[in-house]
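Participant: Below you will find the structure I want to go over with you.
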Amino acid sequence: MHFKSLVGILILCFLTFGCTESYCPMIEVDVIPEVDSVLGYNDEFIIENKTTISFSETFKVSANFLQSFILNGSGIQLKSIEKNGSILFIQNDSIPSEGYKLETFKDKIKIIASSDQGAFYGVQTLRQLMPASLENGSFDKDKIRIEAVSIKDEPKFPYRGMHLDVGRHMYSVDFIRKYIDAMAMLKMNIFHWHLTEDQGWRIEIKKYPKLQEIAAYRDETLVRHYSDQPHQFDGKKYGGYYSQEEIKDIVTYAEERFVTIIPEIEMPGHSQAAIAAYPELGCKGEQVEVAKKWGVFEEIYCTKDETFNFLEDLLDEVLELFPGKYIHIGGDEAPKTRWKSCSDCQARIKSEGLKDEHELQNYFIMRIENYLNSKGRQIIGWDEILEGGLAPNATVMSWRGTSGAVEAAKSGHNVVMTPTSHCYFDYYQSDNEDEPLAIGGYLPLEKVYNFNPIPEELSKEESKYVLGAQGNVWTEYMPTEDKVEYMTFPRMLAMSEVLWSKPEHKDYVDFVSKVENFHKRLDALDINYANHLYEIEGEMISEDRKSFYQLKTLTEGKDIRYTLDGSEPNLNSEAYTSKIPITKSTTITAAVFNNKERLGKVFSQSINYHKGVGAKITIDKVPHKAYSGSGAEGLINGISGSDSRYGDKEWLGFSGEDIEITIDLGEVQAINFIETRFHNGNGQWIYAPRKFSIEVDSTLINYDSDNEDKLIANQIKGVGQYSRFVKIKIPNYGTIPEGKQGAGNKAWTFIDEIIIN
Ligand code: ACM
Ligand code: ZN
């Protein structure tokens with residue numbers, strides 16, 4: 001429990017009950033997401049075989065959930081009685097619809113809410129007050145003890161989502177249920193089910209059987225990372241789909257956990273699988289294959305009437321299956337190449353009086369929106385639906401940063417926040433080199449936890465349009481259910497707290513200790529979470545041109561032990577107490593220990609103590625806030641970032657800008673050697689510059705921009721100059737060329753250590 005809230009509790013205790021400290025022990029209520037307010041009493045409630053429960057029809061779902069949880073977990077069958085049961089569900093309409101009060105006394109548990117959904121969240125909190133062993137039925141006592149508390153709680157945001165892409169890889173119906181279960185436990189209420197993709201169509205549509213026969217299967221799949229050239233394939237047919245019966249079962253299962261499913265049917269892009277089944281839906285009418293590798297494809301739906309007839313037919317079936325208000329229609333990443341050379345699409349532009357293909361995209365989205373509105377539904381789309389104008393009633397899902405959200409909210413549209421920087425759970429969560437393969441990027445737990453879904457550009461009034469946020473799980477690199485769990489947990493725990501808990505109750509150190517405790521529950525649920533809690537984070541710090549290395553770990557009450565000779569630390573190694581002075585190149589090796597054993601992985605960092613370390617550095621542009629690493633100083637801290645990834649704290653990212661870096665060595669020094677390092681991940685829109693210049697004595701370096709290596713390191717030897725200043729001018733690569741991922745957008749520049757000797 002966070003100190004501030006503890007003080008709050010104690011004060012509340014005194015005020016409300018006039019009790020002394022012995023009646024108000026400092027209780028730890030380890031609930032995720034953090035509750036709004038909690039009081040503790042020095043007492044407990046015991047659930048045993050004679051415990052009774054009373055509830056009205058209003059609370060049927062939540063009461064049934066509680067009964068089965070206790071029965072399956074412990075074998076204790078709560079006896080249902082008409083009234084005055086010792087566990088009571090009470091209706092109180094003054095409580096917000098998703099809020100609840102939970103009061104546990106010596107002889108009563110009261111769950112008070114205005115709706116079954118609110119009561120359900122009270123039950124989820126009660127569940128977390130019970131031992132984790134109930135989760136898998138390994139609880140072996142005949143009494144469940146629950147500490148006496150009074151909790152009042154309600155969510156911060158109405159939209160608390162998780163997304164899952166089943167197009168790139170698909171998962172069993174049981175797994176979809178498990179995913180929904182975990183969401184419900186964390187009080188999340190929207191499951192965004194991404195059902196159609198270039199690489200596979202996963203929803204049965206009875207009117208169009210070739211979607212099942214052809215679009216649901218690809219011949220083979222790319223192995224390793226997209227950036228590993230040349231591309232290699234596994235030679236195995238892959239696919240499948242969810243039948244309408246399975247989908248109905250899942251929708252009902254989700255409803256019983258107050259999770260609404262938003263199905264996503266992608267259009268006009270990401271539809272190559274559908275076009276493979278029905279080539280007449282594309283502009284060229286030619287046979288294409290279900291995609292075997294990842295990326296953005298040019299085969300998109302043509303805007304002729306036949307396409308809209310097809311989409312309306314299949315949406316009719318989708319509406320039958322999914323009763324929720326929202327249908328997600330995609331809208332993202334639709335290259336306009338085919339439309340530009342299609343007579344049907346060009347005729348459509350003319351007949352509708354449109355300016356260009358971007359307005360044609362808007363026409364497409366609006367036409368589908370009209371259709372769905374006429375059926376009483378609302379559309380959600382990725383932020384590209386802002387292209388060429390915004391459909392009148394659309395909700396925007398902002399993923400390419402937050403500018404789409406700002407634009408939409410300012411014009412009175414609802415938005416859901418999923419910026420890649422904080423919400424893409426397909427990104428790496430640790431910069432360990434042995435982390436399992438992921439798409440790229442770097443999104444550690446803490447960054448998710450510190451996400452604020454309200455963009456700072458919005459006024460208080462405008463921020464009301466932000467419905468909430470969601471974690472996105474794109475599955476190119478998640479072929480198994482285990483891998484999905486590894487990427488999703490514990491980041492989903494952090495997202496649940498972002499969405500449910502008030503910012504004033506959030507505290508990362510407190511959260512981490514809750515996550516550590518929550519491992520038991522995840523273990524019991526057989527969820528394959530990632531554990532990076534016992535890892536070490538190191539940082540170079542410069543003060544008055546002196547350098548130090550600082551070590552930190554997340555969890556409290558443990559020791560960091562380290563060596564400086566490259567040997568592996570053990571229980572007898574030096575314990576870290578304060579920052580380590582660095583005066584020469586060295587390797588720091590460290591690990592986290594309790595008093596018996598090493599807990600996490602061994603951390604190792606080589607420091608290259610060159611002439612730039614600790615110097616003054618300025619950059620004429622500010623790095624993009626999502627890729628600001630450890631600031632400009634990180635470019636001369638003696639530490640190089642990952643050779644293969646760009647998201648760690650050593651790399652700085654600039655979007656489309658030319659940059660100029662000035663390093664002041666403090667006094668004139670002999671300079672013989674300068675090395676610069678650029679990331680070159682073209683699949684992620686990142687390009688090393690075509691050329692750049694270093695001014696020590698106007699040395700100009702050009703290099704070959706065709707190089708496809710991920711790391712472009714330029715070693716400039718024999719500089720042979722005396723200088724106090726080093727100036728580096730780096731022009732941006734420019735616009736991403738046709739035929740490449742992100743064509744037409746500005747390229748990113750990513751730079752890390754500048755080594756000077
Ligand atoms: C997206 O990541 N293409 C929405
Ligand atoms: Zn066309």
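Coordinate-derived values only; no laboratory data. All figures in this text were calculated on a predicted structure; none of them were measured in a lab. When we count neighbours, we look across all protein chains shown, and the Cβ atoms used for this are built from the backbone with ideal geometry, even at glycine.
Participant: Need the C-alpha centroid separation for segment 487-506 versus segment 533-547, integer Å.
Facilitator: With segment 487-506 and segment 533-547 each reduced to a Cα centre, they are spaced 27 Å.
Participant: Once you put a point 7 Å from the Cα of Glu256 and another 7 Å from the Cα of Leu700, both along the Cβ direction, what distance in nm separates them?
Facilitator: Label at Glu256, label at Leu700, 7.3 nm between them.
Participant: Net charge near Asn745, counting Lys/Arg +1 and Asp/Glu -1 over other residues with Cβ under 14 Å of its Cβ?
Facilitator: Here the count lands on -3.
Participant: Please report the orientation-averaged projected area of segment 473-548, defined via the convex hull of its C-alpha atoms, in nm².
Facilitator: 8.1
Participant: Hey, another quick one. Can you tell me the relative contact order of segment 351-448? Whole percent, Cα pairs under 8 Å, sequence separation 6 or more.
Facilitator: It comes to 17 percent, rounded to a whole number.
Participant: For Ser94 and Glu433, what is the calculated FRET efficiency with R₀ set at 35 Å and r taken between the beta-carbons, to the nearest 0.05?
Facilitator: Computed FRET efficiency for Ser94 and Glu433: 0.05.
Participant: Just to confirm the filter: which GluC sites (Glu not before Pro) across segment 358-447 are DSSP coil and have at most 10 other Cβ within 10 angstrom of their Cβ?
Facilitator: Sparse-neighbourhood loop GluC sites (Glu not before Pro): Glu433.
Participant: Still on this model: Given the pairs Lys410/Lys502; Lys410/Lys460; Lys293/Lys483; Lys178/Lys325, which are separated by over 21 angstrom at their Cα positions?
Facilitator: Lys410/Lys502; Lys178/Lys325
Participant: Reachable lysines from Lys50, Cα under 26 Å, same-chain residues fewer than 8 places away excluded?
Facilitator: Cross-link targets: Lys60, Lys79, Lys83, Lys101, Lys106, Lys108, Lys110, Lys141, Lys143.
Participant: Do the sum for the chain: with -39,500 (n - 2.57) for every DSSP H run of n ≥ 4, divided by all residues, what is the mean residue ellipticity at 222 nm, to the nearest 500 deg cm²/dmol?
Facilitator: -7000 deg cm²/dmol, from helical runs alone.
Participant: While we're on this one: Using the Karplus curve 6.51 cos²θ - 1.76 cosθ + 1.60 with θ = phi - 60°, what ³J(HN,Hα) values do you get for each residue of segment 533-548, in whole Hz, with x for Gly and Pro?
Facilitator: Along segment 533-548, the couplings run 6, 9, 8, 10, 10, x, 8, 7, 10, 10, 9, 6, 6, 9, 10, 9 Hz.
Participant: Starting from the Cα gyration tensor of segment 47-89, take the square roots of the eigenvalues, sort them a ≥ b ≥ c, and report rounded, prolate or oblate (rounded when a/c is under 1.5, otherwise prolate if a/b is larger than b/c, else oblate).
Facilitator: Cα axes put segment 47-89 in the oblate bin.
Participant: For the ranges 139-148, 109-118, what's the packing order if you count other beta-carbon atoms within 10 Å of each residue, average per peptide, and put the highest first?
Facilitator: Listed from highest to lowest mean packing, they are 109-118, 139-148.
Participant: With Cβ to Cβ distances under 12 Å as the rule, what net charge do the other residues near Ser496 carry (K, R +1; D, E -1)?
Facilitator: Residues near Ser496 contribute +4 overall.
Participant: Which aspartates and glutamates, if any, have their Cα less than 19 Å from the Cα of Lys746, not counting same-chain residues under 8 positions apart?
Facilitator: Cα-Cα hits under 19 Å: Asp332, Glu333, Asp383, Glu384, Glu387, Asp620, Glu657, Asp658, Glu660, Asp706, Glu708, Glu738.
Participant: Work through the residues other than Thr104 whose Cβ is under 14 Å from its Cβ and net out their charges, Lys, Arg +1 and Asp, Glu -1.
Facilitator: It works out to a net charge of +1.
Participant: Enumerate the lysines that Lys727 could reach by cross-link, defined here as Cα to Cα under 18 Å, with residues fewer than 8 away along the same chain left out.
Facilitator: Cα-Cα hits under 18 Å: Lys611, Lys616, Lys621, Lys691, Lys717.
Participant: Next question. For a test of the definition: using alpha carbon positions, the gyration tensor, and the 1.5 limit on a/c, classify segment 474-617 as rounded, prolate or oblate.
Facilitator: Prolate, because a/c is 1.5 or more and a/b exceeds b/c.
Participant: Can I ask one more? Using every Cα-Cα pair within segment 590-692, state what percent have a distance larger than 22 Å.
Facilitator: Cα-Cα pairs in segment 590-692 separated by more than 22 Å: 42 percent.
Participant: Any chance you could run the full-extension gain for Glu633 through Asp305? It's 0.36 nm times the residue separation minus the Cα-Cα distance, nm to one decimal.
Facilitator: 112.4 nm
Participant: For the chain, what does the relative contact order come out to in percent, with C-alpha contacts under 8 Å and a separation of six or more?
Facilitator: Relative contact order of the chain: 9 percent.
Participant: Kindly give Rg over Rh for segment 184-342, based on alpha-carbon atoms, with the Kirkwood expression for the hydrodynamic radius.
Facilitator: 0.99
Participant: How much space per residue, in cubic angstrom, does the convex hull of the C-alpha atoms of the chain take up?
Facilitator: Dividing the Cα hull volume of the chain by its residues yields 184 Å³.
Participant: To continue, here is another question. State, to one decimal in nm, how far the label point of Glu48 lies from the label point of Asn572, with both points 7 Å from Cα in the Cβ direction.
Facilitator: In this crude spin-label approximation the distance works out to 5.3 nm.
Participant: Taking segment 414-451, which chymotrypsin sites (Phe, Trp or Tyr not before Pro) meet the DSSP loop condition and have no more than 13 other C-beta atoms within 10 Å?
Facilitator: none
Participant: Go ahead and run the numbers for FRET between Asp107 and Tyr508, Cβ-Cβ distance against an R0 of 30 Å, rounding to 0.05.
Facilitator: Given R0 = 30 Å and the Cβ-Cβ separation, E is 0.20.
Participant: Taking only C-alpha pairs under 8 Å that are 6+ residues apart, what is the relative contact order of segment 48-167 in percent?
Facilitator: Answer for segment 48-167 is 28 percent.
Participant: Which percent, nearest 5, of DSSP beta bridges in the chain are antiparallel?
Facilitator: Percent antiparallel among DSSP bridges in the chain is about 65.
Participant: Moving on to the next point. Within segment 492-565, report the GluC sites (Glu not before Pro) that DSSP leaves as loop and that have at most 11 other Cβ atoms within 10 Å.
Facilitator: Those that pass, being in a loop and sparsely packed, are Glu556.
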